[in-house]
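S.K.: One structure is given below, represented as structure tokens, and several questions about it will come after.
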Amino acid sequence: MGGASTGAPATYTSRRTTGITDPNAPTVFEDVTDKTSLANFRHRSGTKTKDYIFETPSGGAAIFDYDGDGRPDIYLLNGSTIAAMQGKEKPPRAALYRNLGNWKFEDVTDKAGVANERWGFGVAVGDYDNDGDPDMYVGNFGVSRLYQNNGNGTFTDVAEKLNVARRGWSTGATWGDYDGDGRLDLFVPGYVQIDLNNLPPSPSEAGKGGVNQNFCQFRGVPVMCGPRGLTGEGDTLYHQKPDGTFEDVSVKAGVNDPERYYGFSAAFVRIDDDKLLDLIVVNDSTPNQLYINKGNGKFEEIGYPSGVALNENGREQAGMGLAIGDYDNDGRVDFHVTNFSDDSNTLYHNDGDTNFTDVTFQAGLGEVTIPFLGWGTGFLDYDNDGWLDLFVVNGHVYPVVDAHQWGTSYAQQSLLFRNVKGKFERVGAPPNSALANAWPGRGLAVGDLDGDGRLDLVINNLDAKPTLLRNVATSTGHWLRLRLIAKAPLDAIGSVALVTTGAIRQRQDVFSGAIYCSQNDMTLHFGLGAATKVDKLEIHWPDGSSEIVAVPAIDRTITVTQGKGAKQ
């Protein structure tokens with residue numbers, strides 16, 4: 001999010017970030033927010049003027065089936081205010097919406113006990129206690145929570161009891177069994193150290209001492225300070241012990257981030273495919289980190305030599321969001337990272353042997369993204385053609401940009417890119433369509449909310465109602481959805497599924513977190529194009545074993561239980 005500087009305006013200021021439409025483009029997503037109870041939710045984070053950095057990045061979202069009825073539900077985090085943190089006013093509340101089917105949702109926040117009522121940033125889902133019910137870790141500015149799913153529609157915050165009530169500014173956490181003991185562990189990035197009793201100067205206090213003023217202005221105009229010029233936080237890795245409590249092993253494992261980079265998004269994922277979960281951390285205004293699991297409880301940080309620390313120009317960027325997926329169907333997992341405006345987002349292609357190449361401009365994702373300030377991002381096959389497309393949520397952090405002709409805006413259009421065999425083309429937005437609208441977007445979650453085989457989206461917007469996008473694409477292929485149940489961890493985080501149809505072999509990973517402080521539905525979705533059957537389904541389970549599974553039929557959701565095959 002690091003854009004505050006005294007630098008001159010960038011070259012690309014003539015481009016607009018809102019109102020770009022194409023009357024000939026097909027409608028892909030329909031905004032159905034106002035037809036649902038989600039329209040009653042209002043996110044709130046600080047003041048409208050955004051005097052301080054902690055008022056701008058809030059807004060994680062999650063899609064997950066909390067009650068096990070087969071319909072994915074929606075959780076939306078809320079922000080807070082300084083007055084609420086000081087106990088002077090009622091804090092904003094997060095919201096859990098139970099999916100009733102047919103695009104009807106019930107607000108069950110009170111019944112479930114997940115209002116949070118703290119300054120919420122990130123949510124990561126994982127069944128940490130292996131009881132078959134998904135639990136939630138909520139990263140807060142203040143004290144974080146671990147909501148244990150009680151299996152009866154309610155949750156209990158057990159963070160203090162289990163030693164994961166992280167204090168400070170926690171962002172996009174991730175669950176994963178890094179040491180192979182069958183129990184999920186938890187990694188939580190830290191962002192910036194903030195003392196509410198000694199705040200950095202606000203824009204109206206420009207020139208006040210204590211902070212490098214170079215990091216408190218944007219194009220010569222006073223704005224909130226940071227993150228540059230402020231002290232960052234370290235990161236935390238919690239190892240789950242046999243008794244279900246957690247211990248902080250950050251230093252021992254080598255992932256405590258002694259440089260105190262500004263962490264936003266993270267994910268445990270198999271990067272080098274050696275049966276061990278590795279870890280990627282996306283940092284704001286500082287290099288990204290790539291930790292390779294050495295198998296002895298320790299990680300080796302190889303961000304620079306791997307190529308993911310910087311972009312192709314050797315520059316650190318203002319990393320916010322993280323998409324994970326094999327976009328070119330070569331069997332290796334790739335990364336897409338969103339960044340600040342006046343800079344492009346970055347696509348890192350996995351070349352194998354832990355080497356990555358920035359292929360952003362070659363892939364068609366460079367120039368078009370420069371005017372936008374990106375947040376949540378995810379790979380998804382919206383048209384089910386067998387190639388992962390890309391969605392990006394955008395929105396600026398400085399309200400003052402609307403008062404200047406800088407070629408950007410506070411609310412911004414989201415971007416949808418269609419994958420054409422490894423190259424990306426921006427999908428046009430018909431006038432008055434969902435993709436033509438501009439929002440102050442932050443969190444993103446992807447999942448098939450109505451079970452029709454087309455992936456839908458939830459966007460959590462800063463200081464606004466959310467956006468619920470129904471996939472109405474008409475030209476779509478066949479599909480297959482996989483619910484994986486492993487021996488341990490039960491929710492199969494860390495699994496890799498490989499689906500072969502003809503000459504195309506697709507890879508999908510089960511992961512927790514990433515996106516931007518958000519959580520996708522962990523049901524794996526494969527577009528199959530014109531294929532009428534799956535030639536081969538291979539699953540690599542978290543314990544390192546592999547299995548070939550017969551797929552009984554397509555255009556449906558099947559459940560695969562480790563060692564027991566598939567059932568509809």
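The values are calculated or read from the model by the stated rules, or taken from the named source; none is laboratory data. Being a predicted model, the structure only gives us computed values, none of them experimental. All Cβ positions, even for glycine, are placed from backbone atoms using ideal geometry, and neighbour counts span all protein chains on display. Ligands, DNA and RNA are stripped out before the accessible areas are found, and what is left, the full protein with its side chains, is counted by its heavy atoms. Shrake-Rupley method; radii C 1.70, N 1.55, O 1.52, S 1.80 Å.
S.K.: Express in Å², to the nearest 10, the accessible area of PHE299 obtained by rolling a 1.4 Å probe over the protein heavy atoms while all chains stay in place.
M.R.: 20 Å²
S.K.: Per the Kirkwood formula on distinct C-alpha pairs, the Rh of the range 281-334 is how many angstrom? Working shown, then result.
M.R.: On the way: mean 1/r = 0.0809 Å⁻¹.
By the Kirkwood definition, the hydrodynamic radius is 12.4 Å.
S.K.: Using 0.36 nm times the number of residues separating ASN152 and GLU300, minus their current alpha carbon distance, what extension gain do you get?
M.R.: Numbers: separation 148, 0.36 × 148 = 53.28 nm, distance 4.12 nm.
49.2 nm is the gain from fully extending ASN152 to GLU300.
S.K.: Taking R0 as 41 Å, what's the FRET efficiency between ASP131 and ALA39 from their Cβ-Cβ distance, rounded to 0.05?
M.R.: Details: r = 34 Å, r/R0 = 0.83.
That pair, ASP131 with ALA39, gives E of 0.75.
S.K.: Hey, if you put +1 on the Cβ of every Lys and Arg and -1 on every Asp and Glu Cβ in the chain, which of SER475, LEU524, LEU276 ends up farthest toward the positive end of that dipole?
M.R.: The listed residue farthest towards the positive side: SER475.
S.K.: Oh, and also: Classify the chain as rounded, prolate or oblate, taking a ≥ b ≥ c as the square roots of the eigenvalues of its Cα gyration tensor: rounded when a/c is under 1.5, otherwise prolate if a/b is larger than b/c and oblate if not. Don't jump to the answer; show the numbers that get you there.
M.R.: On the way: a/c = 1.37, a/b = 1.21, b/c = 1.13.
It is rounded, given that a/c, with a ≥ b ≥ c, falls under 1.5.
S.K.: I would also like to ask the following. Remind me, relative contact order of the chain in percent, using alpha carbon pairs under 8 angstrom and six or more residues apart?
M.R.: Computed over the chain, the figure is 17 percent.
S.K.: Another question about this same structure. Which entries of LYS536/LYS564; LYS161/LYS294; LYS35/LYS465; LYS241/LYS564; LYS536/LYS567 show an alpha-carbon separation above 20 angstrom in the structure shown?
M.R.: On the way: LYS536/LYS564 16 Å; LYS161/LYS294 30 Å; LYS35/LYS465 13 Å; LYS241/LYS564 28 Å; LYS536/LYS567 16 Å.
Listed pairs above 20 Å: LYS161/LYS294; LYS241/LYS564.
S.K.: What order do you get for 54-63, 39-48 when each peptide is scored by the mean count of other beta carbon atoms within 10 Å, highest first?
M.R.: Packing order, densest peptide first, comes out as 54-63, 39-48.
S.K.: May I pose another question? Please tell me the relative contact order of the range 418-568 in percent, rounded to the nearest whole number, where contacts are Cα pairs under 8 Å and at least six residues apart.
M.R.: Working: 290 pairs, mean separation 32.8, N = 151.
So the answer I get is 22 percent.
S.K.: Roll a 1.4 Å probe over the protein chains and send me the accessible area per residue for the range 263-422 in Å².
M.R.: Values: 4240 Å² over 160 residues.
Here the per-residue accessible area is 27 Å².
S.K.: Also, I was wondering about something else. What's the ranking of 288-296, 119-127, 195-203, 92-100 by average number of surrounding C-beta atoms within 10 Å, highest first? List each step's numbers first, then the result.
M.R.: Numbers: 288-296: 20.4, 119-127: 29.2, 195-203: 14.3, 92-100: 22.3.
Order by mean packing, descending: 119-127, 92-100, 288-296, 195-203.
S.K.: For a protection proxy built on the mean count of beta-carbon atoms within 10 angstrom, sort 101-112, 419-430 highest first, please.
M.R.: Values: 101-112: 14.8, 419-430: 17.7.
Packing order, densest peptide first, comes out as 419-430, 101-112.
S.K.: Give me the 1.4 Å probe accessible area per residue for the range 64-187, excluding ligands and nucleic acids, in Å². Display every interim value, and only then the final one.
M.R.: Values: 4110 Å² over 124 residues.
Heavy-atom accessible area per residue stands at 33 Å².
S.K.: With every protein chain kept in the model, how would you rank HIS404, HIS525 by accessible area, 1.4 Å probe, largest at the top?
M.R.: Details: HIS404 65, HIS525 10 Å².
Output order, biggest surface exposure first: HIS404, HIS525.
S.K.: What is the Cα coordinate range of the range 431-471 on the first, second and third principal axes, sorted by size from largest, in whole angstrom?
M.R.: Rounded to whole Å, the extents work out to 30, 24, 11 Å.
S.K.: Further question: Enumerate cysteines in the chain without a disulfide-compatible partner, where compatibility requires another Cys Cβ under 4.7 angstrom.
M.R.: CYS517 - these cysteines have no disulfide-compatible partner (Cβ-Cβ under 4.7 Å) in the chain.
S.K.: Here's something else I'd like to know. Can you give the % of DSSP beta bridges in the range 477-568 that are antiparallel, to the nearest 5?
M.R.: Working: 23 of 29 bridges.
Just about 80 percent of them are antiparallel.
S.K.: With a sphere of radius 10 Å drawn around the Cβ of ALA165, what net charge do the other residues whose Cβ falls strictly inside it have (Lys, Arg +1; Asp, Glu -1)? Write out the running numbers ahead of the final one.
M.R.: Working: positive: ARG145, LYS161, ARG166, ARG167; negative: ASP157, GLU160.
Summing Lys/Arg as +1 and Asp/Glu as -1 gives +2.
S.K.: Also, I was wondering about something else. At what distance in angstrom do the alpha carbon centres of the range 421-460 and the range 352-390 lie from each other?
M.R.: Computed from Cα coordinates, the inter-centre distance equals 14 Å.
S.K.: Would you mind classifying the range 105-200 by shape? Square roots of the alpha carbon gyration tensor eigenvalues, ordered a ≥ b ≥ c; an a/c under 1.5 is rounded, otherwise it is prolate if a/b is larger than b/c and oblate if not.
M.R.: Here the range 105-200 falls in the oblate category.
S.K.: Any chance you could check the Cα centroid distance between the range 174-191 and the range 83-111 for me, in angstrom?
M.R.: The two parts, judged by their Cα centres, are 27 Å apart.
S.K.: Checking the a/c ratio against 1.5 first, then a/b against b/c, what shape does the Cα gyration tensor give for the range 468-515? Before the final figure, lay out each step's value.
M.R.: Details: a/c = 2.40, a/b = 1.36, b/c = 1.76.
It is oblate, given that a/c is not under 1.5 and a/b is not larger than b/c.
S.K.: In deg cm²/dmol, rounded to 500, what helix-only [θ] at 222 nm does the chain give when every DSSP H run of at least 4 residues adds -39500 (n - 2.57) and the total is split over its residues? Each step should come with its number before you reach the end.
M.R.: Details: 5 runs with 20 residues, N = 568.
Estimated from H runs of four or more residues: -500 deg cm²/dmol.
S.K.: Taking all protein chains in place and a 1.4 Å probe, what share, in percent, of the accessible surface of the chain do carbon and sulfur account for?
M.R.: On the way: 8810 of 19480 Å².
Carbon-and-sulfur percentage of accessible area, whole number: 45.
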